[in-house]
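I have placed the structure first, in the form of structure tokens, so that the comments after it can refer back to it.
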Amino acid sequence: MQTKIQFVRDFFCYALKGDSRYYTWLGILGILVIPWAYGSYEQLITNGLIVAGFTDQISWAMYEGNFIFLVGVAAAAVTVVFPYYVYSSPQDRRGTVKSLKNVVLIGEMLAITAVTMVMLFIIYHMGRPDRLWHIIPGIGIFNFPNSMLTWDVLVLNIYLVLNIACGFYNMYKRYTGEPMNENFYKTLVYIAIPWALSIHTVTAFLINTMPPRPMWFHSMMPIKFISTAFAGGSAIIIVALLVYRKYTKLEIPDKAINFISQITVWCLGIALFLIMSEIVTELYPSTEHSFQIKYSLFGMFGLSKLVPWMWASLIILIVSFILLMIPSVRKNYTVLPVICVILFIGIWIEKGMALVIPGMVPSPIGEFSEYTPTWIEIFITAGNWAIGLIMFTILSKGAVGVMIGEVRHPSAVGKAVEHH
Amino acid sequence: MSEEIKETGKEDASGNETRRNFLKDMGTAALAGAAALMTDSDDAEAKSTWAEWFQKNWRLMTDEEKKDAIARLETRYSEEYGKKVTVDGSPAMKSVLFGYALNIQKCIGCRRCVYACVKENNQSRHDTEIQWIRVIRMEKQNFLPDDMNKGYPPSAKEPFGIQVGGNAHKPAGVTLEGQHYYQPELVPEKDAFYFPIQCMQCEKPPCVKVCPVRTTYRDPDGIVVIDYNWCIGCRMCMAACPYWARRFNWGDPNLPKEEMNPNTHYLGNRPRMRGVVEKCTFCIQRSRKGRYTACVEVCPVGARKFGNLFDPNSEVRQILERKKVFRLKAELNTYPKFFYFID
Amino acid sequence: MKRGRFSKIVFIILLLGGAISAGIVYSQQGEQIPAPPEPAKEEKPAEEAKAQTPQIVTDCFESRLPQEDGKSYTKVTRVENTVQQYGWPNVKCSQTTGGVLWWGDPFDGTAPMGDMPVLANDDYSKGDYAKEEAVVKPRQSQLMYFNLDPNKNCALCHDGKIVPFPKDKKPRKLAAHQDVVADSMQLMHGRAAFWCLDCHNHTSRKTNALIDHWGNEISFNQPQKLCGKCHGEVYIDWRLGIHGKRIGSWVSGGKKRWWVCTECHNPHTVQVNRFQPIKPETAPVLPKGMKNANHEQSQHDDGHDTTPKGAAGH
């Protein structure tokens, strides 16, 4: 027990220590929390959701979009590293997959962060967060298996637990220098990987099982979700890896980054193919059900607020796909993170603004209206992101410390134990 | 009134014992906490607020708990609105399944039903305005010879359009593509007909299916109700409803004291709070006492009909027997108990 | 040294952040899209109050539009506390259109319908209509000419003379009653195939009652007996509750106030308008973020003007 407490203390002491650049980064994020606190007060305490830009017509928007996007990030964070477990066998002669060793923990920290942010956005999405206990089985009513949302709650929470268990078990063992119980750890990992797919699949089912929203109501939604998520999630992991490689002693071979950027290209390609299929399927027959996609792509009846967002995201996706296809661009580590960040934003638009909002326009009885986020909504969204980034920064910095051996139990110093 | 009116005595007593005890304990703990926290405010008020917060879903309450909940609400509402407010908790009537029929041919689009509903059901009057009924204006025709040569593909030789005619996209007979904010001098207009939409009280309601906490459910008489005190405000039901029948209290509802209708039902028109969903309940506070809904009563052309689907002599059953009816978006298999009909 | 650089960086970032957010605010202001919630909240109720306080409508019409002379067809006056149980008024009136929006007491001012003829058709007579509790709102008291004293009042218009009973039912030009029938030679009912005295009693002026085919009098309170002579199918629908309006109890056989034919239709102009056009209640408030509903106008019409051109009956 003592060791465990010491581990937690050492972990966070290390994670919270850094140079001026580190504090500047945290400081910037910290500044974003101030308007967030104001917005939270306005929304949660004083006025309710009326301070946000939602209407009865567009009742899901900003928070829901971020929620869906972040579920994707959470899923991708673990899944992009799964080749490491599955293929780390004699067949892997060139050692490409083996090189992902250090990426695993970063991925898990990202997953923990993303799921936490998902829950944060859900809280802000809810009208009565004070009644959250109503959903807890036992004291409340958990409408399982009927409500798709209960499935989502279930898979997300289990996923969070799995990742905390995986990540911190791994780190703890590295910390103490004890050998890991491979059976236990591997079992957790092998559950976590398909589970990562399940969280995004279930989230897709959450919205694509609603016939009144024709834009969502197609069976391609889960695979489209997963492919865009993997493209976006792997992109952000590349950025994180490059940052840690540059600013810490963590060794991340080029092979690992190249491998992940290949995953990004592949998934982005598949995502673009699916987006194209969707657009053709909707627009060719051009039925009443294609109004939602028409509205988002071209605007209808003079309402076109989403059009620039939609096209920006499409262009970002296509251009970054073309660029990332070129090996020299992919291997240029000055250009690569820039593309990755832009791609990440592009996918954020694609899955937030461009997915959730047009699903609401027109309403099921044909009313067109437009959505404008309020400042409070923007404050809260930015603040949630800032909190997530702070969390990810701290968690992953600690993880890096463990990996490079700077966070280590006194008794373990000097011991060299090879870990997965 | 007939025997149908007799209330079903049987309550859903399946609420499990342990949960109840747990909640009771939680409730006591909360009361103690509340007493400590809210020394300034009225003790009884704090007590009732906390008890309200800890109460169970209406469906699972025992008779006694229901009575307590109602008493709490009656006291609070009476104080808040300065008049004697009654909160009814009567369960569904025996062998009654409510159905509704609307004569689409007769509706003149006057929107009186919308406001009768607002007056009866204590909706928020402004910021944000909540109305459970929406009337859509749809054009009858505007086929024009002038448009003949606006076809596709555009061509000098065959301008009428060998693939798409110039009079395509004319709205005659196209449901749900109409105007929600029409405001002519007088109705009915010559070139339009009107299509009121409200909760269809589906027999297979998608909103109930998606609710994660079962706060919205079908009562035996076919009314889809919401326990406002149990709703967590996730708005899944609003996204899942194909008829856009659900509304959300984005802020604290604005209901002027003098406008408040004091005859309320727990599952119906009692004043709502911020952050919960609400919807048409076929005026449950009236219909369960044998009275027509407010929208039926107000319709100046008698387009709205309401009654018991099990009773062959009821107005709705007679309509099903004698008229041509359709259900809105029947392809979704939600089986609305709201029928549109024509003479 | 290090600290100095740190604070410089922070300062620059704050500056940049400020500039960017100011830019966003400015551009948003240019578009004038997000109305700040607070001022809107304050203005709205005040506006409404202004619109409502000066004149509260307490006299309102029940079903049909007020007649041209401003008199309501069946008018009610709001009386507070009619339903003592709840402290309800008898009715609530629309402040926009002057129509009744809500009945607290659905049977306010009603009287029993009297003997209802049981439907002859076996299919529809299964229900025990004898037990139906039907009430109507007596209209005779609200009729304009009906309540006049023939000797005193009528004479005022009819050149001080009492007009003799007509010899037959042949159409002729009427010297008075243009307010009811603009052109007595062109009745707006039945396309001039019949005339006033096919429905109105031509011998009994005392009651000025309606008559059936055999010359039996029909009360103004039960015009369905007259209308049903020709409109048989509609009459059956009305009898079953499919056509027309009822308020009160939805239970079969329960107490209902039945609206009679003339409460919704004006028999003297029905050929022009099935229902007299009325002013609609106000449209719902536009959703947040929408300034107008112009997009609805542009739906379906390629530049054609679809703004309402004036009302007409169905």
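The values are calculated or read from the model by the stated rules, or taken from the named source; none is laboratory data. Since the model is a prediction, treat every value here as computed from it, not as a measurement. Positions of Cβ are generated from backbone atoms using ideal geometry, with glycine treated the same way; all protein chains shown enter the neighbour counts.
B:ALA168: within 12 Å of another protein chain (Cβ to nearest Cβ), exposed (fewer than 14 other Cβ atoms within 10 Å of the Cβ) and among the small types (Gly, Ala, Ser), yes or no?
The answer is yes for B:ALA168.
Determine which single condition B:ILE130 fails, assuming it passes every other condition in (1) without any contact (Cβ under 8 Å) to a residue 40 or more places away in the chain; (2) more than 9 Å from chain C (Cβ to nearest Cβ).
If we test B:ILE130 against (1) without any contact (Cβ under 8 Å) to a residue 40 or more places away in the chain; (2) more than 9 Å from chain C (Cβ to nearest Cβ), just (1) comes out false.
Could you count how many residues in region B:294-316 are out of contact with any Ser or Thr (no Cβ under 6 Å at 6 or more places or on another chain) and not in a strand (DSSP E or B)?
Of the residues in region B:294-316, 13 are out of contact with any Ser or Thr (no Cβ under 6 Å at 6 or more places or on another chain) and not in a strand (DSSP E or B).
Out of curiosity, is B:TRP250 within 7 Å of chain A (Cβ to nearest Cβ), in contact with a Pro (Cβ under 7 Å, 6 or more places away or on another chain) and farther than 25 Å from B:LEU60 by Cα?
No: the conditions fail for B:TRP250.
Looking at region A:76-95, can you tell me whether even one residue there is under 30 Å from A:PRO373 (Cβ atoms) and at pLDDT 70 or above?
Yes.
For residues that are more than 9 Å from chain C (Cβ to nearest Cβ) and of a type in the set (Phe, Trp, Tyr), scanning just region B:286-326, find the one that is surrounded by the most Cβ atoms within 10 Å (Cβ to Cβ).
B:PHE310
Could you list, in sequence order, all residues of region B:198-238 that are without any contact (Cβ under 8 Å) to a residue 24 or more places away in the chain and at the interface with another protein chain (Cβ under 10 Å from one of its Cβ atoms)?
B:ILE232, B:CYS234
With respect to C:LEU65, determine if the residue is of a type outside the set (Phe, Trp, Tyr), at pLDDT below 85, over 22 Å from B:GLU259 (Cα atoms) and buried (at least 17 other Cβ atoms within 10 Å of the Cβ).
The answer is yes for C:LEU65.
In region C:256-298, what residues are surrounded by fewer than 20 Cβ atoms within 10 Å (Cβ to Cβ) and of a type in the set (Lys, Arg)?
Scanning region C:256-298 gives C:ARG274, C:LYS279, C:LYS291.
Filtering region A:123-175 down to residues that are of a type in the set (Val, Ile, Thr) and in a loop (DSSP other than H, G, I, E, B), which residue is farthest from A:ALA52 (Cα to Cα)?
Checked region A:123-175; the qualifying residue farthest from A:ALA52 (Cα to Cα) is A:ILE139.
Tell me, please, whether a residue that is buried (at least 24 other Cβ atoms within 10 Å of the Cβ) and among the β-branched types (Val, Ile, Thr) can be found in region A:357-366.
Yes, region A:357-366 contains at least one residue that is buried (at least 24 other Cβ atoms within 10 Å of the Cβ) and among the β-branched types (Val, Ile, Thr).
Test of understanding: among B:ARG125, B:ARG112, which residue is farther than 30 Å from B:ILE342 by Cβ, touching a residue at least 40 places away in the same chain (Cβ under 8 Å) and within 11 Å of chain C (Cβ to nearest Cβ)?
Within the list B:ARG125, B:ARG112, the selection yields B:ARG125.
Filter region A:43-54 for residues that are at the interface with another protein chain (Cβ under 7 Å from one of its Cβ atoms) and closer than 17 Å to B:ASP252 by Cβ; which is surrounded by the fewest Cβ atoms within 10 Å (Cβ to Cβ)?
The extreme case among them is A:ASN47.
I'm checking my understanding of the structure. Among residues of region B:133-143 that are under 19 Å from the mean Cα position of the chain (by Cα) and farther than 19 Å from C:TRP103 by Cα, which one is farthest from the other protein chains (Cβ to nearest Cβ)?
If we take residues in region B:133-143 being under 19 Å from the mean Cα position of the chain (by Cα) and farther than 19 Å from C:TRP103 by Cα, then B:VAL135 is farthest from the other protein chains (Cβ to nearest Cβ).
Hey, A:LEU395 hits all of (1) among the aliphatic types (A, V, I, L, M); (2) buried (at least 21 other Cβ atoms within 10 Å of the Cβ); (3) within 24 Å of A:ALA312 (Cα to Cα) but one; which does it fall short on?
(3)
Considering every residue within region C:229-250, establish whether at least one is of a type in the set (S, T, N, Q), in contact with a Lys or Arg (Cβ under 7 Å, 6 or more places away or on another chain) and outside any loop (DSSP other than H, G, I, E, B).
Yes, some residue in region C:229-250 is of a type in the set (S, T, N, Q), in contact with a Lys or Arg (Cβ under 7 Å, 6 or more places away or on another chain) and outside any loop (DSSP other than H, G, I, E, B).
Is it the case that region A:134-141 has a residue that's under 22 Å from the mean Cα position of the chain (by Cα), surrounded by fewer than 22 Cβ atoms within 10 Å (Cβ to Cβ) and either of a type in the set (A, V, I, L, M) or at the interface with another protein chain (Cβ under 10 Å from one of its Cβ atoms) (or both)?
For region A:134-141, residues under 22 Å from the mean Cα position of the chain (by Cα), surrounded by fewer than 22 Cβ atoms within 10 Å (Cβ to Cβ) and either of a type in the set (A, V, I, L, M) or at the interface with another protein chain (Cβ under 10 Å from one of its Cβ atoms) (or both): absent.
State all residues of region B:171-185 that are part of a loop (DSSP other than H, G, I, E, B) and modelled with pLDDT of 90 or more; if no residue qualifies, say none.
Matches in region B:171-185: B:HIS180, B:TYR181, B:TYR182, B:GLN183, B:PRO184, B:GLU185.
For A:ILE68, only one of the following conditions fails: (1) away from chain B (no Cβ under 14 Å); (2) under 24 Å from the mean Cα position of the chain (by Cα). What is its number?
Result: A:ILE68 passes all but (1).
Consider region B:248-275. How many of its residues are surrounded by 24 or more Cβ atoms within 10 Å (Cβ to Cβ) and within 24 Å of B:HIS180 (Cα to Cα)?
Matching residues across region B:248-275 total 3.
Kindly evaluate B:LYS329 against the criterion of being surrounded by fewer than 23 Cβ atoms within 10 Å (Cβ to Cβ), more than 10 Å from every other protein chain (Cβ to nearest Cβ) and farther than 25 Å from B:ALA92 by Cα.
Against the criterion (surrounded by fewer than 23 Cβ atoms within 10 Å (Cβ to Cβ), more than 10 Å from every other protein chain (Cβ to nearest Cβ) and farther than 25 Å from B:ALA92 by Cα), B:LYS329 does not qualify.
Of the conditions (1) surrounded by 24 or more Cβ atoms within 10 Å (Cβ to Cβ); (2) touching a Ser or Thr at 6+ places or on another chain (Cβ under 9 Å); (3) facing another protein chain (nearest Cβ under 9 Å), B:PHE282 fails just one. Which one is it?
Result: B:PHE282 fails condition (3) only.
Exactly one of (1) more than 11 Å from chain C (Cβ to nearest Cβ); (2) crowded, with 22+ Cβ neighbours inside 10 Å; (3) within 27 Å of A:LEU49 (Cα to Cα) is unmet by B:CYS117. Its number?
(1)
Can we say A:THR150 is hydroxyl-bearing (Ser, Thr, Tyr) and at pLDDT 90 or above?
yes
Which of the residues that make up region B:174-197 are within 19 Å of A:SER363 (Cβ to Cβ) and more than 7 Å from chain C (Cβ to nearest Cβ)?
B:VAL174, B:THR175, B:LEU176, B:GLY178, B:TYR194, B:PHE195, B:PRO196, B:ILE197
Is it true that some residue in region B:149-160 is at pLDDT below 95, of a type in the set (A, V, I, L, M) and under 30 Å from B:PRO242 (Cβ atoms)?
no
Can we say C:VAL234 is within 12 Å of chain B (Cβ to nearest Cβ) and either touching a residue at least 40 places away in the same chain (Cβ under 8 Å) or among the aliphatic types (A, V, I, L, M) (or both)?
In short, yes.
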